[in-house]
């Protein structure tokens with residue numbers, strides 16, 4: 001943490017679409033997908049249950065993006081951890097526009113395997129994946145009894 005500030009986001013939600021990939025010269029890639037989170041409460045005046053949905057733009061990079069593209073499908077539940085990033089751009093009329101994204105650094109697939117079956121040799125859906133890990137499928141050897 002530098003200068004006493006923190007930019008950290010943690011979300012659990014459902015994907016609104018499949019991951020859209022963008023490939024760049026040099027072999028890097030970027031994946032984007034929308035994530036929906038819901039807030040539910042009871043309106044005290046009408047005693048009615050109200051649900052508000054918030055949409056988040058998720059961005060994952062390189063190997064993590066490829067893993068998300070392979071395993072995440074529309075409607076899957078996923079835990080996302082990352083930071084907020086606001087981009088400024090100009091529309092066709094020259095007006096300044098802004099987009100806020102979640103730059104994903106870690107994620108965990110939460111949908112049961114039965115929702116989206118994968119071969120047994122693939123990465124389990126419930127295992128957290130750190131985007132900065134050098135080898136995503138490498139297992140640690142430790143002597144813990146559990």
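The values are calculated or read from the model by the stated rules, or taken from the named source; none is laboratory data. In this text, all values refer to a predicted model and were calculated from it rather than measured experimentally. In this analysis, Cβ positions are derived from the backbone assuming ideal geometry, glycine residues included, and neighbour counts consider all displayed protein chains.
Within region 1-38, which residues are closer than 23 Å to residue 50 by Cα, free of Cβ contacts under 8 Å to residues at least 60 places away in the same chain and in a strand (DSSP E or B)?
Those that are closer than 23 Å to residue 50 by Cα, free of Cβ contacts under 8 Å to residues at least 60 places away in the same chain and in a strand (DSSP E or B): 34, 36, 37, 38.
Tell me yes or no: at least one residue of region 54-75 is surrounded by 10 or more Cβ atoms within 10 Å (Cβ to Cβ), without any contact (Cβ under 8 Å) to a residue 24 or more places away in the chain and assigned to a strand (DSSP E or B).
yes
Can you find a residue that is modelled with pLDDT under 95, part of a strand (DSSP E or B) and either over 20 Å from residue 23 (Cα atoms) or under 22 Å from the mean Cα position of the chain (by Cα) (or both) anywhere in region 111-122? Working first, answer last.
Pass one, region 111-122, residues modelled with pLDDT under 95: 111-122.
Filter once more, so that each one left must be part of a strand (DSSP E or B): none.
Checked region 111-122: no residue is modelled with pLDDT under 95, part of a strand (DSSP E or B) and either over 20 Å from residue 23 (Cα atoms) or under 22 Å from the mean Cα position of the chain (by Cα) (or both).
Go through region 76-98 residue by residue and tally those that are surrounded by fewer than 17 Cβ atoms within 10 Å (Cβ to Cβ) and part of a strand (DSSP E or B).
12
Among the residues of region 18-52, write down those that are closer than 15 Å to residue 77 by Cβ and exposed (fewer than 14 other Cβ atoms within 10 Å of the Cβ).
Within region 18-52, just 38 meets the criteria.
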